[in-house]
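Visitor: Input: one structure, supplied below.
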Amino acid sequence: MPVAPKSTATKPGSRLRELGLLLPKPPTPLGNYVEVNQVGSLLFLSGTLPIVDRKLAFTGRLGENLSVEQGREAARLAALNALALAHEHLGDLDRVKKLVKLIVLMVTTETFFEHASVGDGASNLFAQLFGPETGHVRVVYGVQSMPIGAPVMVDAVFEVE
C-alpha cells in the first residue's frame, strides 16, 4: 500500500513570521472567566477584541461610523489576539493544526448587511496561516453592543496537537 507523502505545509508560527506579523500581548479577561479552555485536541478561546497596546483600535458601529474596511481590519486584529492566546496557552503556535470554527460578532445598524465581508478580515488571516485547504466553519452576525464598546469580537475553536 502506498504511503502518503508528508505534508510540506508551513506551520502557522513559521508562516506568521514569513508574513512579517507579530503577535500582540495576549488579552486578559474582562470578568470572572478564563481566556482559554482545552478539551482533548480542541482549544476553545473566549471572544477576543480588536485591542492594540491594551486599547481598542476601533470603536463605533458598522453601517454608521465604521466602514466595512475598518470592520475587516478590526476582525483581523481580533484574530491576531486569538492567536496570541493560543500561543500563550500552548507555548508554540506550531502546535495549532487548524481553525475548526470561527464566530465573528459585530456591532451594526439595522440596515447593515455586509457581515460576511467583515468576517473575512479574520477568515483571510487564518487562511494565510493554515492554508485555504484546511477550511473552517463560520458564523457572522450583528449585535446591539459589546464589552468596552468594541465593534467586533472573534470567537475561535482550534484543533491542536
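Visitor: Being among the β-branched types (Val, Ile, Thr) and within 22 Å of Thr28 (Cα to Cα) is the requirement here; does Val96 meet it?
Guide: Values: among the β-branched types (Val, Ile, Thr): yes; within 22 Å of Thr28 (Cα to Cα): yes.
So Val96 passes the test.
Visitor: So, of the residues in the stretch 112-129 that are of a type in the set (Gly, Ala, Ser) and closer than 12 Å to Leu99 by Cα, which turns out to be modelled with the lowest pLDDT?
Guide: Let us first name the residues in the stretch 112-129 that are of a type in the set (Gly, Ala, Ser), namely 116-117, 119, 121-123, 127.
Remaining after also requiring closer than 12 Å to Leu99 by Cα: 122-123, 127.
Working: Ala122: 98, Ser123: 97, Ala127: 94.
If we take residues in the stretch 112-129 being of a type in the set (Gly, Ala, Ser) and closer than 12 Å to Leu99 by Cα, then Ala127 is modelled with the lowest pLDDT.
Visitor: Exactly one of these conditions fails for Ser67: (1) within 14 Å of Met153 (Cβ to Cβ); (2) free of Cβ contacts under 8 Å to residues at least 60 places away in the same chain; (3) among the small types (Gly, Ala, Ser). Give me its number.
Guide: Failing condition for Ser67: (1).
Visitor: Anything in the stretch 24-48 that is among the hydrophobic types (A, V, I, L, M, F, W, C) and open to solvent by less than 50 Å² (accessible area, probe 1.4 Å)? List them, or say none.
Guide: Kept after step one, since they are among the hydrophobic types (A, V, I, L, M, F, W, C), are these residues of the stretch 24-48: 30, 34, 36, 39, 42-45.
Hits for the stretch 24-48 are Val36, Leu43, Leu45.
Visitor: Continuing with this model, one more query. Among the residues of the stretch 49-72, is there at least one that is exposed (fewer than 13 other Cβ atoms within 10 Å of the Cβ), modelled with pLDDT of 95 or more and outside any loop (DSSP other than H, G, I, E, B)? If you could, list the steps in order and put the result at the bottom.
Guide: So in the stretch 49-72, the residues exposed (fewer than 13 other Cβ atoms within 10 Å of the Cβ) come out as 53-55, 64-65, 69.
Going one step further and asking which of them are modelled with pLDDT of 95 or more, we end up with 64-65, 69.
Next, only the ones that are outside any loop (DSSP other than H, G, I, E, B) stay: 69.
For the stretch 49-72, residues exposed (fewer than 13 other Cβ atoms within 10 Å of the Cβ), modelled with pLDDT of 95 or more and outside any loop (DSSP other than H, G, I, E, B): present.
Visitor: Any residue in the stretch 1-21 that is outside any helix (DSSP H, G or I) sitting within a Cβ distance under 6 Å of a residue that is at pLDDT 50 or above? List the pairs, counting only those 6 or more apart or interchain.
Guide: Ala9/Gly131; Lys11/Asp94
Visitor: If you don't mind, there's one more thing I want to ask. Within the stretch 82-106, which residues are open to solvent by less than 10 Å² (accessible area, probe 1.4 Å) and either closer than 30 Å to Glu64 by Cα or part of a helix (DSSP H, G or I) (or both)?
Guide: Just the residues of the stretch 82-106 that are open to solvent by less than 10 Å² (accessible area, probe 1.4 Å), to begin with: 82-86, 93, 96, 99, 102, 104, 106.
Within the stretch 82-106, Ala82, Leu83, Ala84, Leu85, Ala86, Leu93, Leu102, Val104, Met106 qualify.
Visitor: Moving on to the next point. Filter the stretch 134-157 for residues that are among the hydrophobic types (A, V, I, L, M, F, W, C) and surrounded by fewer than 16 Cβ atoms within 10 Å (Cβ to Cβ) and give the result. If you could, list the steps in order and put the result at the bottom.
Guide: Of the stretch 134-157, the ones among the hydrophobic types (A, V, I, L, M, F, W, C) are 137, 139-140, 143, 146, 148, 150, 152-154, 156-157.
Matches in the stretch 134-157: Val137, Val139, Val143, Met146, Ile148.
Visitor: Looking at (1) touching a helix residue (DSSP H, G or I) at 6+ places or on another chain (Cβ under 9 Å); (2) at pLDDT 95 or above, which one does Leu105 not meet, given that it meets all the others?
Guide: Leu105 satisfies every listed condition except (1).
The values are calculated or read from the model by the stated rules, or taken from the named source; none is laboratory data. These figures come from a predicted structure and were not determined experimentally. Methodologically, a virtual Cβ is constructed for each residue, glycine included, from the backbone with ideal geometry; neighbour enumeration extends over all protein chains shown. Surface accessibility is based on the protein's heavy atoms, side chains included, excluding ligands, DNA and RNA. Shrake-Rupley method; radii C 1.70, N 1.55, O 1.52, S 1.80 Å.
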